[in-house]
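The values are calculated or read from the model by the stated rules, or taken from the named source; none is laboratory data. Bear in mind that the values here come from a model prediction, so they are computed numbers and not experimental data. Don't worry about glycine lacking a Cβ; one is built from the backbone with ideal geometry, like all the others, and counts go over all protein chains shown.
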Amino acid sequence: MGSITIRWLLAACFFCLSIEGGIDITGKLRINEMIRSPQVRLISSDGSQLGIKSIEEAQSIALGQDLDLVEVAPQASPPVCKIMDYGKYCYELEQKLKAARKKQSVIVVKEMKMRPKIDIHDYETKKRHVKRFLEHGNKVKVTIMFRGREMSHTDLGMNLLTRLAEDLEDVAVMEAKPKLDGRNMTIVLAPCVGEPSKE
């Protein structure tokens with residue numbers, strides 16, 4: 001079995017694995033002998049247009065360059081095929097996807113609970129925790145918990161949450177005004193746009 005035929009079989013196997021293995025990084029592209037259209041619009045490996053070719057001629061050109069014929073636009077009439085190193089293309093695409101996933105920021109919502117009559121020392125401690133969460137790029141849900149007769153003084157909770165948002169305005173923005181939900185009053189603080197996350 002010639003080296004070119006072996007390379008084509010390897011490319012086909014990689015294609016099948018990319019679909020059946022669940023990674024499907026190529027969008028189910030058809031390659032080489034999987035292409036069924038009798039004619040294709042052919043693009044060379046350097047990007048130049050080679051015009052409309054029969055599938056046999058296009059496959060022969062790709063084989064002559066020890067490269068693969070890849071159907072990049074199956075919906076076109078005739079389909080567009082490009083001559084390329086399919087294995088290298090899949091590898092580079094997978095690396096780009098991995099790099100993109102690493103750059104994606106995952107927003108985590110932390111929660112901080114307070115009582116409406118919290119003393120100044122506890123307030124400052126919890127405020128520092130909230131600030132640290134925000135500096136790490138996380139959102140923070142701050143909850144004021146009312147008990148018994150404290151429900152008649154919800155203004156204390158409102159004032160406390162407003163004060164916290166003002167104290168942290170250099171690192172946080174208030175996503176919505178404080179709202180009362182049952183015996184709890186909550187507010188969500190989000191990091192300021194462009195606030196650098198810290199490790």
Worksheet item: Which pairs do you get when a residue that is assigned by TED's automatic domain parsing to the domain that holds GLU71, found in the range 90-101, comes within reach of a residue that is surrounded by 13 or more Cβ atoms within 10 Å (Cβ to Cβ) and among the hydrophobic types (A, V, I, L, M, F, W, C), reach meaning Cβ atoms under 8 angstrom, with the pair 6+ apart or on two chains?
Response: CYS90/PHE14; CYS90/ILE25; LEU93/ILE25; GLU94/ILE25; LEU97/ILE25
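Here's the yes/no breakdown for (1) over 26 Å from the mean Cα position of the chain (by Cα); (2) in a strand (DSSP E or B); (3) at pLDDT below 90; (4) not polar (S, T, N, Q):
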{"residue": "LEU9", "(1), (2), (3), (4)": "yes, no, yes, yes"}
{"residue": "PHE15", "(1), (2), (3), (4)": "no, no, yes, yes"}
{"residue": "ILE19", "(1), (2), (3), (4)": "no, no, yes, yes"}
{"residue": "ASP24", "(1), (2), (3), (4)": "no, no, yes, yes"}
{"residue": "VAL40", "(1), (2), (3), (4)": "yes, yes, no, yes"}
{"residue": "ASP46", "(1), (2), (3), (4)": "yes, no, no, yes"}
{"residue": "LYS53", "(1), (2), (3), (4)": "yes, yes, no, yes"}
{"residue": "GLU57", "(1), (2), (3), (4)": "yes, no, no, yes"}
Worksheet item: Which residue pairs have Cβ atoms closer than 9 Å, lie 6 or more positions apart in sequence or on different chains, and pair a first residue in the range 134-145 that is over 13 Å from LEU180 (Cα atoms) with a second residue that is among the aromatic types (Phe, Trp, Tyr) and assigned to a helix (DSSP H, G or I)?
Response: LYS139/PHE133; VAL140/PHE133
Worksheet entry | Residue that is modelled with the lowest pLDDT, among those in the range 97-129 that are assigned to a helix (DSSP H, G or I) and under 26 Å from the mean Cα position of the chain (by Cα) | LYS103
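This table checks each residue for (1) over 15 Å from GLU111 (Cβ atoms); (2) in the same structural domain as LYS113 (by TED's automatic domain parsing); (3) not hydrophobic (A, V, I, L, M, F, W, C).
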{"residue": "LYS127", "(1), (2), (3)": "no, yes, yes"}
{"residue": "VAL142", "(1), (2), (3)": "no, yes, no"}
{"residue": "ARG149", "(1), (2), (3)": "yes, yes, yes"}
{"residue": "SER152", "(1), (2), (3)": "yes, yes, yes"}
{"residue": "GLY157", "(1), (2), (3)": "yes, yes, yes"}
{"residue": "LEU161", "(1), (2), (3)": "no, yes, no"}
{"residue": "GLU166", "(1), (2), (3)": "yes, yes, yes"}
{"residue": "GLU169", "(1), (2), (3)": "yes, yes, yes"}
{"residue": "LYS177", "(1), (2), (3)": "yes, yes, yes"}
